[in-house]
Amino acid sequence: MSKKRMSSIALLVLACLLVIAGCGEKANKEGQEEKVQPEHTSTSTRIVEHPYGKTEIPVQPKRIATYLLEDSLISLDVPFIYSFDLPGYYLHDQIAAKNIPTSGALPLNVEAVAASNPDLIIISQYAVEDQLGYDKLNLIAPTIAYDPNDWEGSLIKIGEALGLEDKAAAVISAYKEHIIEVKDSIVKKVGTDKTVALIRPLAKDWQLFYPTFDSFTKIFYEELGLNVDESVAASQRESSNDWGDNLSLEVLPKLKSDYIFSMYGSSLSDNEEFETERQSVKDFEKSSLWKNLPAVQSNQVGYISGRHWMTSGFIADKMKLDDVLGFLTK
């Protein structure tokens, strides 16, 4: 074999070795990339703490089912594929526009939630009776629960869970600004010395709500700085209840507030129940005891719907503020 031929063969072998080495290097890099990939996918979930424990949830859920926290999700512009709803519910129009499965059932229909095939469930912590009820939902999809009465705190936590902290902060900031606007308008119209009472007429008696019952009366006494009448304060001092009292018609003449807000219906009542309670108000007002109240004689009674007053959330509480504003500045 000539030296020239041997040289050519040697060059060919060297070239092959270089190609093999290059392929090995490429394969090694691809192998390294494959090892990195699982570490990347592990960041697609996060651990969230809530009243029922700690739950691992998707970072970017695609199919959220909710129950009695619709207010928070709508306020954050979060889409959902299942929720509570019924005709007359204060969020009915927004939910109906989504064309999604809904439940007006109490308690929560676990089978219906499962049929919606969620990848995350967000519920009121009171939507289930106990840990066992929560565990049933958590078997369907990761489930987190929050207190609907503390809607600001819950909104912040939901925002953190969904990566929407800035949006949650913006919603709460907008609410605080609205409080200031409403308060200023009321002060300009009626001053700072007027007293307000919140009541709920029933068929044979009536409910009086006290300032310590945050979900309802904080709008008046805490956020808008309206005054508690001495008749309300005296009833509270004599009571063993924090929320308020069911009182007889005989004590109605003690109510001396400048303005009375009369509430009827409830947040989860259907149309038939709602109309029944509305009729109870009419029957209640036939009493001469009612007709002789100072606020009634001054035409200073405002009527408000329990459908948004007996719940809480950014949308619900903004509606409450607007109710008070509309009535006191009419």
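Computed quantities for the displayed model
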| quantity | calculated |
| --- | --- |
| Count of region 55-85 residues which are assigned to a strand (DSSP E or B) and out of contact with any Phe, Trp or Tyr (no Cβ under 9 Å at 6 or more places or on another chain) | 4 |
| Residue within region 270-286 that is under 19 Å from residue 149 (Cβ atoms), part of a loop (DSSP other than H, G, I, E, B) and not polar (S, T, N, Q) present | no |
| Matching residues, region 241-273, being open to solvent by 40 Å² or more (accessible area, probe 1.4 Å), more than 27 Å from the chain's Cα centre (by Cα) and closer than 30 Å to residue 106 by Cα | 246 |
| Residue within region 210-225 that is touching a Gly at 6+ places or on another chain (Cβ under 7 Å), acidic (Asp, Glu), in a helix (DSSP H, G or I) and surrounded by fewer than 19 Cβ atoms within 10 Å (Cβ to Cβ) present | no |
| Meets criteria (in contact with a Ser or Thr (Cβ under 7 Å, 6 or more places away or on another chain), buried (at least 22 other Cβ atoms within 10 Å of the Cβ) and modelled with pLDDT of 95 or more) for residue 143 | yes |
| Yes/no for residue 284 being among the hydrophobic types (A, V, I, L, M, F, W, C) and either modelled with pLDDT of 95 or more or surrounded by fewer than 19 Cβ atoms within 10 Å (Cβ to Cβ) (or both) | no |
| Output for region 306-330, where each listed residue is in contact with a strand residue (DSSP E or B) (Cβ under 7 Å, 6 or more places away or on another chain) and either surrounded by fewer than 21 Cβ atoms within 10 Å (Cβ to Cβ) or more than 24 Å from residue 252 (Cα to Cα) (or both) | 306, 323, 327 |
| Test for residue 175: is it within 24 Å of the chain's Cα centre (by Cα) and either within 18 Å of residue 319 (Cα to Cα) or open to solvent by 20 Å² or more (accessible area, probe 1.4 Å) (or both) | yes |
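Here's the yes/no breakdown for (1) buried (at least 18 other Cβ atoms within 10 Å of the Cβ); (2) in a loop (DSSP other than H, G, I, E, B); (3) not small (Gly, Ala, Ser):
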position: 114; (1), (2), (3): no, no, no
position: 117; (1), (2), (3): no, yes, yes
position: 127; (1), (2), (3): yes, yes, no
position: 132; (1), (2), (3): no, no, yes
position: 137; (1), (2), (3): yes, no, yes
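The values are calculated or read from the model by the stated rules, or taken from the named source; none is laboratory data. Note that this is a predicted model, so its numbers are computed, not measured. Methodologically, a virtual Cβ is constructed for each residue, glycine included, from the backbone with ideal geometry; neighbour enumeration extends over all protein chains shown. Only protein heavy atoms, including side chains, enter the accessible area calculation; ligands, DNA and RNA are left aside. Shrake-Rupley method; radii C 1.70, N 1.55, O 1.52, S 1.80 Å.
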